[in-house]
Amino acid sequence: MIAPHGGRLVNRALDGDAREEAAARAEALPTLEVSLEVAYDVGNLATGVFSPLDGFMTREALDHVLHRRRLPGDQAWTIPIVLDAPAAALRRVGPGGALALACAGRRFATLEVTDVHALDRQTFAAATFGTTDPSHPGVRRVAMMHEMLVGGRVTLFALPPDPYERYHLSPAETRVLFRLRGWRTVVGFQTRNVPHLGHEYVQKTALTFADGLFINPVIGPKKAGDFKDEVILEAYQALMRHYFLRDRAVLGVFRTEMRYAGPREAVFHAIVRKNFGCTHFIVGRDHAGVGGFYGPYDAHAIFEEFPDLGIVPLFFTAFFYCTRCGSVENEKTCPHDAADRIDFSGTRLRQALEGADPISARLVRPEVAEAIARFPDPLVAAGAPGAR
Amino acid sequence: MPDDAIMIPLPGALYRRVEAAAGADEVPAYVARAVREALARDEAAAAPGAVDEAQIVERLRRLGYLD
Ligand SMILES: [Zn+2]
């Protein structure tokens, strides 16, 4: 089994009596109310999804990550994992102190405060997203963050209720599952979309050379126009039921928000899948990109900086349906002209789902289209709660 | 570079130190072996307490991930 990032799976989630005691102790602490996304990232920290991180980044760790793309311990790390808070909420809190974290009024974790530092929005956004353009959803998100950041180790005693609990596996659980299935090589697949034939082609191409496939959609706030979480999960259930061997593919969710940080997020996505026990990770065209902010293959090139990552990236170029080949192909496999090729564009996908056009209809499995059609509003609406 | 040179993933600091010493981006097999053994020892020393595997298997069964 592949070692977790940093060598050891973090476990800061309490059980049994220790959980009760921590919950009781938290009552006496100053309480910071956090969003559901932050709560799930506390869960990720506490259950080893973000190993070797066991808490929110201190100023030192954040500086390392922003400027060197590594943690102070020198492990590769590319995305800030920070807790923002209004200065007023931290008046009674300093280094050496502790905070209770609450979500929707319910305490669920504690944080041992290592430091409190001011958020430098410009530096944060420029380093993470490569831009300070406010039309970038990540930059907009940073602009809305509170002015202070709190660093320190977390202890989890109660995860917030989760509508997708049934798909929520911790790295300790996926590692046991992969081992019991006898998988020595496992390919991780990141997605924030419903599956079309192009995704299936990439997944099956990778699966041909590995023992198992871990389909791991990001569940959490997305931008308007993206598919809703429940639609993605239903669509994948349909695909896996009809087009995958049951003992070769596993569906589990990664609860976090999309950052749209392109190349940096691709490396982060790979590290997280390494913690889940994947040995390989699929990196597509414009992975975790948005608009035209990143070059189509920037997310491939960045991996050259991390020869020590431990998980092997599998790079895929753009794919399309070629009417002359009669199959899904990519830039490396199909010699035909653009006129013969049908791209998996958003417009094509919508036509496919509406069943309006017979060529488009071939781009999505009928069972998947049916699963999506059961939802009257499958897309995240502009201005919906949590929409970026 | 000797014939038995192989490339293995190493933690960043170690990798760069070895790289600087060797003046190449490949690491000789004997260095790789020594580093691998040292890492395995560190990892064993840092291993966490046993996870409750029975409890994990029970949940995986309940959710339908295992028969
Ligand atoms: Zn062709």
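The values are calculated or read from the model by the stated rules, or taken from the named source; none is laboratory data. Computed from a prediction, not measured in an experiment: that's the story for all the values here. Neighbour counts run over all protein chains shown; Cβ positions are idealised from the backbone, glycine included. Side chains are part of the model used for accessible areas, which takes the heavy atoms of the whole protein and leaves out ligands, DNA and RNA. Shrake-Rupley method; radii C 1.70, N 1.55, O 1.52, S 1.80 Å.
Before moving on, here are some points about what is shown:
- Looking only at residues in the range A:354-388 that are closer than 23 Å to A:Phe316 by Cβ and open to solvent by less than 50 Å² (accessible area, probe 1.4 Å), the one that is farthest from the ligand (Cβ to nearest atom) is A:Val368.
- Summed over the range A:310-325, residues that are more than 14 Å from every other protein chain (Cβ to nearest Cβ) and either in a strand (DSSP E or B) or farther than 19 Å from A:Thr208 by Cβ (or both) total 9.
Yes/no per residue for (1) surrounded by 19 or more Cβ atoms within 10 Å (Cβ to Cβ); (2) out of contact with any strand residue (DSSP E or B) (no Cβ under 9 Å at 6 or more places or on another chain):
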site: A:Ala46; (1), (2): yes, no
site: A:Leu53; (1), (2): yes, yes
site: A:Phe56; (1), (2): yes, no
site: A:Arg106; (1), (2): no, yes
site: A:Val113; (1), (2): yes, no
site: A:Thr123; (1), (2): no, yes
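- Taking (1) more than 16 Å from the ligand (Cβ to nearest atom); (2) within 23 Å of A:Thr205 (Cβ to Cβ); (3) open to solvent by 30 Å² or more (accessible area, probe 1.4 Å) in turn, A:Lys332 satisfies each apart from (1).
- Odd one out for A:Ala76 among (1) open to solvent by 60 Å² or more (accessible area, probe 1.4 Å); (2) small (Gly, Ala, Ser); (3) under 20 Å from A:Ala261 (Cα atoms): (1)
- Hits in the range A:171-195 - residues which are open to solvent by 30 Å² or more (accessible area, probe 1.4 Å) and in a loop (DSSP other than H, G, I, E, B): A:Arg181, A:Gly182, A:Arg184, A:Thr185, A:Arg192, A:Asn193
- Considered as a group, the residues in the range A:335-349 that are surrounded by 14 or more Cβ atoms within 10 Å (Cβ to Cβ) and more than 9 Å from the ligand (Cβ to nearest atom) include one that is nearest to A:Gly277 (Cα to Cα), and that residue is A:Phe344.
- Taking the criterion of being of a type in the set (D, E, K, R), surrounded by fewer than 21 Cβ atoms within 10 Å (Cβ to Cβ) and part of a helix (DSSP H, G or I), the residues of the range A:250-309 that qualify are A:Asp298, A:Glu304, A:Glu305.
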